[in-house]
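Step one of this worksheet: look at the structure below.
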Amino acid sequence: MPFAFPIKADLQTPVRRMSSTGLADARRGVQFVRVLAAAIAVLAATAALAPVHGQQIKLVRDAETEALLRSYVLPLVRVARTGAGATRIFLVNSPRFNAFVSGGRNIFVFTGAIMQSETPNELIGVLAHEVGHIAGGHIARQQMAMSQLGPLAIAGMLMGAGALIATSRSRNVGGSPIGIAGALTGPQELLRRAMLSYRRSEEQAADIAALKYLNATRQSARGLLKTMERMNRTSLFRSRGVDPYLLSHPLPAERLSFLQTQAAQSKYWNNRSSKSLQQRHALVRAKIIGFVTNFQEINRRYPLHDRSLAARYARAVGTYRFGRLPDAIAQINGLIRAQKRNPYFHELKGQALLEAGRAAQAIGPLKRAVALNSRATPIRIMLGHALLSTGKRKNLKQAVSNLNRATQQEPQNAGAFQFLSMAYDGLGNRPMAQLSAAQAMFLAGRFVEARTQATRAKRGLKPKSPAWIKAEDILTYRPPKYR
């Protein structure tokens, strides 16, 4: 998992580099952060999801995980007819079992959901539920409903939610309804209850839609049912002593009862995922565990006597992360011998070498990874970074070629433009270096600095050329004003 960048609920967007690049949303970068922040605020309006509020939401990039999730989501969005190309998947680095939809067709999947899903079907069930929210237009309707309430009503509603959260955490409240009732009084309470009641109906509708999509794709609802059973056991949405009308989700027991009744009636109930898909799922789980947990946890989950490919993968990631590069390379080479055409094993070898300061040695494995999966943009960007890091003119030319292709594949990727600017600068092409820097700053929402770089770039670019027009677009763009 090469890349990570946190997004705060206060609309700040600091970028923390784990290895080689980050992400910003092109032209919608600022709007994307605001949408995410709004999603966090709405989620925080219930006591069950209160811990999210005010914390950093850290998004991560990983080509292998993204490819797996896309293979899970695409059949669902096709039968739901929500537009496969417009659906985007984001990874949230959090151990919690969770997923949510925000900003229309953006699905956010927590790494904890992947780590805790033993089979593909469990995660597919969760994604089917989220696609149900997209197909139902729930997010758009929720935003419209909130806009109709008016800013003062919404402010009161959220303040009431904060009071509920504080009250529910107090040891003095216990099961007494007085503390909660005292925190939520007046017209805002009626508005908030109406909004939460509306969200409960959405959750029920998403469950029904999930079952429909699973049947349409000939997949079992067993995994979705197992997820609900997990929620019931771990009390993710438990509300003992709390008014159920204050919750945005139906109580787990209610949803579990519905699913137990409906899911088992499907003729696809006993269907299982293919062995190849199960192995891909196991490898991604192992990779995430290797990246986000400590060495002790990796060894606990995957002891040395476990010689499965997934176990070896997790241990190889852990070995490279904790500084034993020769041992890590030996383990990764073993993985490559087992699956020579697996691009992500080659990627891991290149990443380990690159982060150890051996950029020249990293180029070969990364080129092989790109050759095996040319659409994996994060890997191509990492290759561009490795080529750039050598400082050799021949490699700089290749870096420009790869990074230009990466920006075509992901025109919203600010990190790719940052590396591209450095590569152009190394070749002495100042106007293109300045234009690329302007694009990176623009995508990061740094509009004043972007205009400064675009102005400089225009002086050296041919008038009316495609590059000149891009610089002009940055200069004439004005960010939307938000109330």
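Taking K226 as the anchor, which aspartates and glutamates have their alpha carbon closer than 20 Å to its alpha carbon, excluding any fewer than eight residues away along the same chain?
Within the straight-line limit of under 20 Å, K226 reaches these aspartates and glutamates: E118, E122, E130, E203, D207, E254.
What is the extension gain from R478 to S465, computed as 0.36 nm multiplied by their sequence separation minus the C-alpha to C-alpha distance, in nm to one decimal?
Details: separation 13, 0.36 × 13 = 4.68 nm, distance 2.20 nm.
Taking R478 through S465 to full extension adds about 2.5 nm, to one decimal.
Only Cα pairs under 8 Å and at least 6 apart count here; give the relative contact order of segment 354-483 as a rounded whole percent.
Dividing the mean separation by the residue count of segment 354-483 yields 15 percent.
Above 11 Å lies some portion of the pair distances; for segment 413-461, what is it as a whole percent of all C-alpha pairs?
Pairs farther apart than 11 Å: 57 percent.
Across bins of 5 angstrom width beginning at 0, how are the C-alpha pair distances of segment 261-303 distributed, in whole percent?
5, 18, 17, 13, 13, 12, 10, 10, 2
Describe numerically, in nm with one decimal, the distance between label points set 7 Å from Cα along Cα→Cβ at A371 and at S274.
2.6 nm
Which order do T293, T65 fall in if you start with the one that has the fewest other Cβ atoms within 10 Å?
Taking fewest neighbouring Cβ atoms as first place, the list is T293, T65.
Can you pull the Kirkwood radius for segment 360-445, inverse mean 1/r over Cα pairs, to one decimal in Å?
The answer is 12.5 Å.
Give me V292, V131, V79 sorted ascending by neighbouring Cβ count inside 10 Å, so fewest comes first.
Details: V292 20, V131 26, V79 16.
Least crowded to most crowded, the residues run V79, V292, V131.
Using Cβ counts within 10 Å as a stand-in for footprinting exposure, how do K464, K349 rank, fewest first?
K464, K349
Give me the mean projected area, in nm² to one decimal, of the convex hull enclosing the Cα positions of segment 311-394. Please report the intermediate quantities before stating the final value.
Details: hull surface 20.7 nm².
Reported value for the Cα convex hull: 5.2 nm².
Each reported figure results from applying straightforward, stated rules to the coordinates on display, with no laboratory input. Everything quoted here is computed from the prediction, not taken from an experiment. FYI the Cβ positions are ideal-geometry reconstructions off the backbone, even for glycines, and counts take in every protein chain you see.
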